[in-house]
1. Of the residues 141, 131, 165, which single one is in contact with a helix residue (DSSP H, G or I) (Cβ under 7 Å, 6 or more places away or on another chain) and closer than 19 Å to residue 338 by Cα?
2. Give the residue, chosen from 386, 375, that is under 22 Å from the mean Cα position of the chain (by Cα), part of a helix (DSSP H, G or I) and at pLDDT below 80.
3. Out of curiosity, is residue 22 modelled with pLDDT of 85 or more, over 30 Å from residue 374 (Cβ atoms) and part of a helix (DSSP H, G or I)?
4. Looking only at the range 97-112, filter to residues that are over 15 Å from residue 43 (Cβ atoms) and in contact (Cβ under 8 Å) with a residue 60 or more places away in the chain; which one of those is surrounded by the most Cβ atoms within 10 Å (Cβ to Cβ)?
5. Would you tally the residues in the range 244-288 being modelled with pLDDT of 75 or more and outside any helix (DSSP H, G or I)?
6. Residues that are in contact (Cβ under 8 Å) with a residue 60 or more places away in the chain, within 30 Å of residue 386 (Cβ to Cβ) and under 18 Å from the mean Cα position of the chain (by Cα): does the range 37-50 have at least one?
7. With the structure loaded, tell me whether residue 59 is closer than 28 Å to residue 372 by Cα and either in contact (Cβ under 8 Å) with a residue 60 or more places away in the chain or not in a helix (DSSP H, G or I) (or both) or whether it fails that test.
8. For residues that are outside any helix (DSSP H, G or I) and in contact with a helix residue (DSSP H, G or I) (Cβ under 7 Å, 6 or more places away or on another chain), scanning just the range 289-314, find the one that is nearest to residue 174 (Cα to Cα).
């Protein structure tokens with residue numbers, strides 16, 4: 001019994017630990033790269049809409065290819081597929097490093113530089129369409145079923161820790177070594193991830209329907225998501241909250257023009273939500289969140305909306321950092337519950353397709369949220385746009401609580417107990 005309740009159960013499997021190194025390096029590199037790109041683009045244009053376009057360029061291929069990517073992931077061996085994803089990211093990061101050369105920037109028009117950045121971001125969206133479902137599917141092949149919830153928590157905690165350090169280092173490295181060499185650091189982390197991944201052996205393909213027609217496979221995956229009230233409710237709630245609460249996309253404006261704290265302050269602001277989420281996730285390894293999961297998820301998203309409103313109205317750096325920190329703490333609750341629902345409710349042979357729908361609902365809503373924030377900031381002003389997003393998040397929570405009493409009563413205790421006795 002002690003083994004089943006062990007908060008470090010997943011860490012007792014060597015290949016899972018290697019997987020965490022891979023995931024940390026990739027998320028660190030990806031989050032750092034996004035921040036450096038945001039800084040460079042806004043420095044070149046001083047236009048909030050350009051920040052929104054970055055998100056749009058990534059979300060178009062990520063959403064457009066998501067379902068097909070899920071089908072491919074369920075049909076292919078996961079380790080080698082992840083190798084290809086990391087190789088693709090490495091090529092893109094190398095391209096951004098070369099593109100950010102001060103000599104090239106000084107000799108090339110701003111328009112051409114922007115188009116080249118947007119193109120590479122677009123290619124990154126294609127890679128990400130495959131990356132998320134592959135990682136989600138690989139976790140289930142590294143630990144026993146009874147440890148899925150614990151493994152999901154550690155995986156999410158690693159993601160958040162990398163999301164803390166990536167943006168923080170991005171802000172400082174822009175100040176210390178500039179955009180160009182910051183891009184070189186990003187490329188280095190992608191190589192570390194690639195080398196570590198080769199320490200994980202190939203895994204079996206658990207899908208019994210190899211060669212299944214694409215459209216039939218996609219239909220089966222979508223039907224499962226829409227039939228499962230727990231999965232569909234969690235994804236929808238998070239999607240709308242992230243879509244309208246995407247204040248982080250406007251952080252370069254707050255750092256440079258409103259709070260006037262420079263690139264180092266920008267790094268602190270960008271890292272604050274991830275610090276809060278990391279603390280929540282590490283705490284959840286000892287204090288699980290599966291009991292009354294529906295209510296906890298609703299309250300977490302409600303708290304997220306309030307924090308975004310406070311951040312939007314703040315003119316004090318310390319208050320802005322606290323608001324972002326708390327938004328990350330409650331968002332960590334949301335992420336853990338959503339990942340636990342997906343791991344417990346998804347059959348092994350459908351993990352790729354369900355994860356691809358998750359990336360469409362939640363992952364891509366970050367970029368759509370960035371685009372929405374950029375557009376509303378252009379139309380309403382930056383502060384009004386952030387407050388509007390937070391208010392829409394609160395309305396979404398209220399509507400979900402009223403129209404879906406089944407989701408409000410969701411409790412995962414029985415599902416966790418069943419997996420522990422498998």
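1. Details: 141 fails: closer than 19 Å to residue 338 by Cα; 165 fails: closer than 19 Å to residue 338 by Cα.
Only one candidate passes the filter, namely 131.
2. Working: 386 fails: at pLDDT below 80.
Answer to the selection: 375.
3. On the way: modelled with pLDDT of 85 or more: yes; over 30 Å from residue 374 (Cβ atoms): yes; part of a helix (DSSP H, G or I): yes.
Yes: the conditions hold for residue 22.
4. By that ranking, first place goes to 97.
5. 3
6. Checked against the condition, which is being in contact (Cβ under 8 Å) with a residue 60 or more places away in the chain, within 30 Å of residue 386 (Cβ to Cβ) and under 18 Å from the mean Cα position of the chain (by Cα), the range 37-50 yields at least one hit.
7. Values: closer than 28 Å to residue 372 by Cα: yes; either in contact (Cβ under 8 Å) with a residue 60 or more places away in the chain or not in a helix (DSSP H, G or I) (or both): yes.
Here the answer is yes, as residue 59 does meet what is asked.
8. Restricting attention to the range 289-314, the residues satisfying the condition of being outside any helix (DSSP H, G or I) are 289-292, 314.
Those still in the list that are in contact with a helix residue (DSSP H, G or I) (Cβ under 7 Å, 6 or more places away or on another chain) too: 289-291, 314.
Working: 289: 38, 290: 40, 291: 43, 314: 25 Å.
So, considering only residues that are outside any helix (DSSP H, G or I) and in contact with a helix residue (DSSP H, G or I) (Cβ under 7 Å, 6 or more places away or on another chain), the one nearest to residue 174 (Cα to Cα) is 314.
The values are calculated or read from the model by the stated rules, or taken from the named source; none is laboratory data. None of these values were measured; they are calculated from a predicted model. Neighbour counts are summed over all protein chains in view; Cβ atoms, including those assigned to glycine, are modelled from backbone coordinates with ideal geometry.
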